[in-house]
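Just below is one structure, and these are the notes that go with it.
Just so you know, all these numbers are worked out from the coordinates, no wet-lab data involved. None of these values were measured; they are calculated from a predicted model. Positions of Cβ are backbone-derived with ideal geometry, glycine not excepted, and every protein chain shown enters the neighbour counts.
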Amino acid sequence: MRRILIFDTTLRDGEQSPGASLNVAEKLAIAKQLDVLGVDVIEAGFPISSPGDFEGVRLVAEKIRRPIICGLARATDADIDAAGEALKGAARRRIHTFIATSKIHLEKKLKKSPEEVIELARRAVQRARRYTDDVEFSPEDAARTDLDYMCQVIEAAIDAGATTINIPDTVGYAIPEEFGARIRHVLEKVPNVRKAVISVHCHNDLGLAVANSLAAVKAGAAQVECTINGIGERAGNCSLEEVVMALRQKKAFYDADNGIDTREIWTTSRLVSNLTKLDVQRNKAIVGENAFSHEAGIHQHGVLQDRETYEIIRAEDVGWQGSRIFIGKHSGKHGVMDILKKNGYQLEDDKLQVVLQRVKDVADRQKNVEESDIVAIARDVLEDLASDEHLLDLREVSVMTGNGFTPSATIKLSIEGQDVLGTGTGVGPVDAASHALQSIIRSHVGPSLTLSEYGLKGITGGTDALAHATIRFKDQDGKEFRGEAVHGDVIIASVQAMVKGANRAMNFQKRLNKGGPTGCIDPKTPPGGEAPATAGEAPCCGQSKNQTSKQKP
Ligand SMILES: [Zn+2]
């Protein structure tokens, strides 16, 4: 039976999801869990794209010893050298280098002839081999590349020393039959193909990333690149949990197995969701809240008689333990710890104490605290403790609302120790509070911090549920500053989230004025500014989360 290598790119492609943000410590926490999950390769980042990315790769390489740690690099010396440097401390390291090969990319982006690109690919692989004998090469936008030309590039890359050839469907354009045929063609026509592992990297723009990856495995691919919860650029990547469970379910059909401990899937999914702040849709396959719940009476009856009537996967096989666990006023520390652990949080004692106190406060007010409440509180506490210096503190909020008059709000903040009062009116109490806060920010922090996003949800049912507020502020340069908070009162939760966002913006401004590193405040602001300039012939390309030249196969 073949062994399919699972190459996880949650920390690289997944981290390029719009809205995702991970600091170095969070990247390491995810990498640790990916190790427990049993992935073969962790693509930890794109070292040259920002100092934060470099540091993330360096730290993961140093601390995570079993899986291969991989760094991404365009086909330029500077990129490859940065990746080589970041991976220096790894027990097992891989450099993943790539260059676009589709006609549209050659003509519009690279402005190079097909022959020049082959030469660049060859040189890149050779340079990467100076750092490691494990080199992966991707012809970017392969699914739209002329088949014969793609085979020539692959042959040259293997000839230069590439040990893995990855065929990416960069733009999510392929369909399963076509993509499977492309992989089969490579395996049949490239003369030296047996010297390399054939890998695939599919995007989900047509909702086919998992289907395309499976078609490729059937055709002979031996490595699948994927992310937890399917996160990634635009519509995301092939979802690890889906492709792994499909391979498990149809082991005989694919004549293939993999090294994933599927019982760790649920925890990994929740950890990634909690740290990236990207929620998992309720009906998502394998890891959605609804994946193992049965509403319809006829289903419930069947499942109670024999689960296999309506379930193809046992919930415990993916580590799902049910989500409606209640913690009452007298439930102990261990119940809370178990829930945190199941959701991927292993807190140090001081942080745990803060979470426990908050849980107890909520339990004193309402009868039961559910699992999702506890996770939200932990998120809130960690965000509070991890974030910057407290330049802003919320002292008081009062709002007046009702029908027949204009809602108004008064807020008192302490700004670097000095109390400041602001007032505002709005269409509702939250809007009024937001205006009151913004009036203070305008006069004391900076002239142009505007609220670009606001979200509020009740975590559990009932009017006494905890409210989870998320906000984004934008400054005059378009930099975004996120804030989130959890509280039993929707107004307080909203204002606290805004204060946290404003605090981030203030810290950023303070560091900028000092001229020091700006730190990982926000993913859109690479610490220390733009990525280092690469060689003139760098195959730079378009859209990127960091507005640097971050791109992806
Ligand atoms: Zn990608």
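Observations on the structure shown:
- Amide H contacts under 5 Å for residue 138, placed H, 5+ residues apart: 97, 98, 99, 166
- Cα-based Rg of the range 29-146 normalised by 2.2 N^0.38 Å, two decimals: 1.11
- Its Cα gyration tensor gives the range 35-94 an equivalent ellipsoid. The semi-axes, each the square root of 5 times an eigenvalue, are 19, 10, 9 Å from largest down.
- Of 32/103; 63/277; 351/500; 27/251; 27/457, pairs whose Cα-Cα distance is over 30 Å: 32/103; 27/251
- Note on the range 69-120: Cα-only Rg and Dmax are 13.3, 40 Å.
- Most positive-pole-ward Cα, 344, 11, 89, against dipole of the chain from beta carbon charges: 89
- Estimated inter-spin distance, residue 393 and residue 489, nm [label 7 Å along Cα→Cβ]: 1.8
- Note on the range 76-201: the C-alpha convex hull projects to 7.4 nm² when averaged across all orientations.
- Shape analysis of the chain yields a ratio of the Cα radius of gyration to the Kirkwood radius, Rg/Rh, of 1.00.
- Most positive-pole-ward Cα, 495, 381, 417, against dipole of the range 359-515 from beta carbon charges: 417
- Ellipsoid fit via the Cα gyration tensor, the range 127-220: semi-axes of 22, 14, 11 Å, each the root of five times an eigenvalue, largest first.
- Over the chain, dividing the summed -39,500 (n - 2.57) contributions of all DSSP H runs of at least 4 residues by the number of residues returns a 222 nm mean residue ellipticity of -12000 deg cm²/dmol.
- With R₀ set to 56 Å, the beta-carbon distance separating residue 423 from residue 25 gives a calculated FRET efficiency near 0.90.
- Chymotrypsin sites (Phe, Trp or Tyr not before Pro), loop per DSSP, at most 15 other Cβ atoms within 10 Å - longest free stretch of the chain: 1-309
- Full extension of the chain between residue 456 and residue 401 gives 18.0 nm of extra length, using 0.36 nm per residue less the Cα-Cα distance.
- The range 153-309: proportion of alpha-carbon pairs further apart than 19 angstrom, %: 60
- Spacing of the two label points (7 Å from each Cα toward its C-beta) at residue 249 and residue 513, in nm: 5.7
- Fully extended contour minus Cα-Cα distance, from residue 126 to residue 350, at 0.36 nm per residue: 75.7 nm
- Other-chain or far-sequence residues with amide H under 5 Å of residue 488's (modelled H): 467
- Nearest-0.05 FRET efficiency for residue 314 and residue 235, computed from C-beta distance (R0 41 Å): 0.90
- For residue 195, a cut-off of 15 angstrom between C-alpha atoms picks up these aspartates and glutamates, skipping any fewer than 8 places away in its own chain: 133, 134, 136, 155, 159.
- DSSP beta bridge pairing in the chain, given as percent antiparallel to the nearest 5: 50
- Potential lengthening between residue 181 and residue 333 on full extension [0.36 nm per residue; Cα-Cα distance subtracted]: 49.2 nm
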